[in-house]
Ligand code: SAH
């Protein structure tokens, strides 16, 4: 984007449905139906070209093409100050690096939130931040039940605190490490969230059984060939006895969780046992 480009509040949509010029009327009706109810991700970033990125591949990419979810990016740059559209400045009080300006990011947020419900429970406004609450499967479920989600990707030393306070922004972290920007964190969180939307994964069962959904890590998986490098698939999995297979998987799941994640195991054991 050149410096002379005026601020363009219209978000760029990666929902590829709207780009097909030869839709038949029936397809158009279908498109409207899908897009109206579709879950929406809005990203505020200095690097809109980084999207959809890996989200454009495989299951999340197909779901994007089918209109099961929409992705809109808001480029932060055009909202910058002056001829050079500056978005950052030196930290008050001194120190290294640059800080994203509250006034600049505010303009981008105003633009990115157009049409979204004000109720943050229906449409969370999230700043990706290593100081935030740690993202997990429960949060992915919460996001997937909302109508949409706006993600603010930071860069440099982050954003002016007043902006976060003013908009009651929820800070969310991908983990206890520091990235150079929020874009990778945003894609990771969107991947985890989008795959929970209805219709995105073919087999809904795979969501219920996988790691972190029931408080346990998943059992090991095997596929053909039956013997590889002298290693056999556990005999029970080839027995055809579904009750025994389920029992074995459950036991493996518990063993692996106890060995690898004592924190999850303790929480699992503290939970009241469901009546079977
Ligand atoms: N100075 C900040 C780090 C800034 S890193 C601090 O010490 O807290 C630059 C940007 O990368 C941040 O604004 C944030 O948007 C993103 N980022 C870095 N680590 C992250 C993490 N673990 N989770 C989510 N976003 C992260």
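The values are calculated or read from the model by the stated rules, or taken from the named source; none is laboratory data. Keep in mind that this is a model prediction, so the values were computed, not measured. Methodologically, a virtual Cβ is constructed for each residue, glycine included, from the backbone with ideal geometry; neighbour enumeration extends over all protein chains shown.
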Note to self: Quick check on this structure: which one of 201, 179 is within 16 Å of the ligand (Cβ to nearest atom), assigned to a loop (DSSP other than H, G, I, E, B), outside the structural domain of residue 259 (by TED's automatic domain parsing) and surrounded by 14 or more Cβ atoms within 10 Å (Cβ to Cβ)?
What the structure shows: 179
Notebook entry, point to check: Do the conditions hold for residue 185, that is, is it within 10 Å of the chain's Cα centre (by Cα), in the same structural domain as residue 73 (by TED's automatic domain parsing), within 30 Å of residue 66 (Cα to Cα) and near the ligand (Cβ under 8 Å from one of its atoms)?
Noted result: yes
Next item on the list: Please go through the stretch 243-275 and pick out each residue that is over 14 Å from residue 219 (Cβ atoms) and in a helix (DSSP H, G or I).
Entry: 243, 262, 263, 264, 265, 266, 267, 268, 269, 270
Checklist line | Of residues in the stretch 145-156 being within 10 Å of the ligand (Cβ to nearest atom) and part of a strand (DSSP E or B), the one surrounded by the most Cβ atoms within 10 Å (Cβ to Cβ) | finding: 152
Item checked: Cβ pairs under 9 Å, 6+ apart, first in the stretch 107-136 and assigned by TED's automatic domain parsing to the domain that holds residue 172 and over 16 Å from residue 155 (Cα atoms), second assigned to a loop (DSSP other than H, G, I, E, B) and within 10 Å of the ligand (Cβ to nearest atom) -> 134/174; 134/175; 134/176; 135/174; 135/175
Notebook entry, point to check: Can you pull out the residues in the stretch 157-175 that are near the ligand (Cβ under 7 Å from one of its atoms) and either in a loop (DSSP other than H, G, I, E, B) or surrounded by fewer than 21 Cβ atoms within 10 Å (Cβ to Cβ) (or both)?
Noted result: 157, 158, 173, 174, 175
Next item on the list: Give me a count of the residues in the stretch 92-142 that are surrounded by fewer than 17 Cβ atoms within 10 Å (Cβ to Cβ), within 11 Å of the ligand (Cβ to nearest atom) and closer than 15 Å to residue 40 by Cα.
Entry: 0
Next item on the list: Identify the single condition in (1) surrounded by 12 or more Cβ atoms within 10 Å (Cβ to Cβ); (2) assigned to a loop (DSSP other than H, G, I, E, B) that residue 190 does not satisfy, given that it satisfies every other one.
Entry: (2)
Next item on the list: For the stretch 92-144, name all the residues that are within 25 Å of residue 79 (Cβ to Cβ) and in a strand (DSSP E or B).
Entry: 99, 100, 125, 126, 127, 128, 129, 130, 131, 132
Notebook entry, point to check: What number of residues within the stretch 74-91 are more than 16 Å from the ligand (Cβ to nearest atom) and either part of a loop (DSSP other than H, G, I, E, B) or at pLDDT below 95 (or both)?
Noted result: 5
